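Throughout, read-outs are computed from the coordinates displayed, never taken from laboratory work. Bear in mind the structure is a predicted one, so any value in this text is a computation, not a measurement. Methodologically, a virtual Cβ is constructed for each residue, glycine included, from the backbone with ideal geometry; neighbour enumeration extends over all protein chains shown.
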């Protein structure tokens, strides 16, 4: 394969100590890991941060003379509403890049749009409504407990033990508190069951990787079994050390088949490309529900997506090589 010059496009992390700095800083772990693999593969590369200073970004891209790009942007200046904009600029510049299109990123980042599209397509997802600072119009049939999720955040920002509301009388004060911090809040029925992560990888057709499960067996009864912000980013927390990823070998074949089908359906529905992760929960009646559809999931070396590939005997540098191959297929002749 020709040694293409690769631009590593990334958002700039916020300073240490600011709210949610841990999840923001993770972007540099991804950049450094990809740089190491590109060096091993012999591809020249350059880091190019993406900020609101669009003229500076375009000037850097043109000066670098990149052939393709790794799009690692998870926000623009910490605004998750702008997650699709770096991809859109690369599309305008006709530079092929890894991962999903601008449109797919925008659609899959908005939790309300995700829920509406899943529901309209007949894909099971927990019942929900949106709170935007006005009266609470709870749909008929929605049962407690519920979980509150910021509409546009990812990386479990805004998800903690207090996000789960057990009784209706507690709902409005909690909503007002979360709305003041995060804006619009998605209210979703809480499913207290097993949680699975399904990674998909490939182009032009994605394959389902080994099925992962979050092991909550160490949680005491007084903790909700959720992957909170602490569980992902606070290395000193109980949750961080007790939400380990496992790859169960004894899942019933019918359950595996349903998970694979639902995940492929999500990949197709949202027009995802190259890679994705779909999060599901299994309720007490044996029914699967889709919690999240993640385009361009985190690819830090210790993240769930590379772990699923490693379980499939594909290690990190081989993954990067495959990404380069996918994007090369989209380079204009």
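Between 0 and 90 degrees, rounded to the nearest ten: what's the tilt of helix 316-328 against the longest Cα principal axis of the chain?
That works out to roughly 70 degrees.
Across the stretch 125-189, what fraction of all alpha-carbon pairs, as a whole percent, falls in each successive 10 Å bin from zero upward?
Taking all Cα pairs of the stretch 125-189, the binned fractions are 23, 62, 15, 0 percent.
How far is helix 253-269 tilted, in degrees, relative to the longest principal axis of the Cα atoms in the chain, given as a value from 0 to 90 rounded to the nearest 10?
60 degrees
For the stretch 6-99, what is the per residue volume of the convex hull drawn over the alpha-carbon atoms, in cubic angstrom?
93 Å³
With the contact rule set at Cα under 8 Å and sequence spacing of 6 or more, what percent relative contact order holds for the chain?
18 percent.
Just order 148-154, 307-313 by mean Cβ neighbour count inside 10 Å, highest at the front, would you?
Ranked by mean Cβ neighbours within 10 Å, highest first: 148-154, 307-313.
Would you mind ranking 275, 203 by Cβ crowding within 10 Å, fewest neighbours first?
Exposure proxy ranking, most exposed first: 203, 275.
Assuming 0.36 nm per residue, please report the length gained on full extension of the stretch residue 246 to residue 285 beyond their Cα-Cα distance.
11.8 nm
How far is helix 54-64 tilted, in degrees, relative to the longest principal axis of the Cα atoms in the chain, given as a value from 0 to 90 rounded to the nearest 10?
Roughly 40 degrees between the two axes.
On a full-extension model of 0.36 nm per residue, what is the gain between residue 103 and residue 331, subtracting their alpha-carbon distance, rounded to one decimal in nm?
Full extension from residue 103 to residue 331 adds 80.1 nm.
Take every Cα pair under 8 Å in the stretch 192-314 that's 6+ residues apart, average their separations, divide by the length, and report that relative contact order as a whole percent.
Averaging sequence separation for qualifying contacts and normalising by length gives 31 percent for the stretch 192-314.
So what is the calculated 222 nm ellipticity per residue for the chain, using -39500 (n - 2.57) for each DSSP H run with n of 4 or more, over all residues, to the nearest 500 deg cm²/dmol?
Computed ellipticity for the chain at 222 nm equals -10500 deg cm²/dmol.
If neighbour count is taken as other Cβ atoms inside 10 Å, put 277, 287 in order from fewest to most.
The most exposed by this proxy come first: 287, 277.
Do you know the relative contact order of the stretch 6-99, to the nearest whole percent, from alpha carbon pairs under 8 angstrom that are 6+ apart?
36 percent
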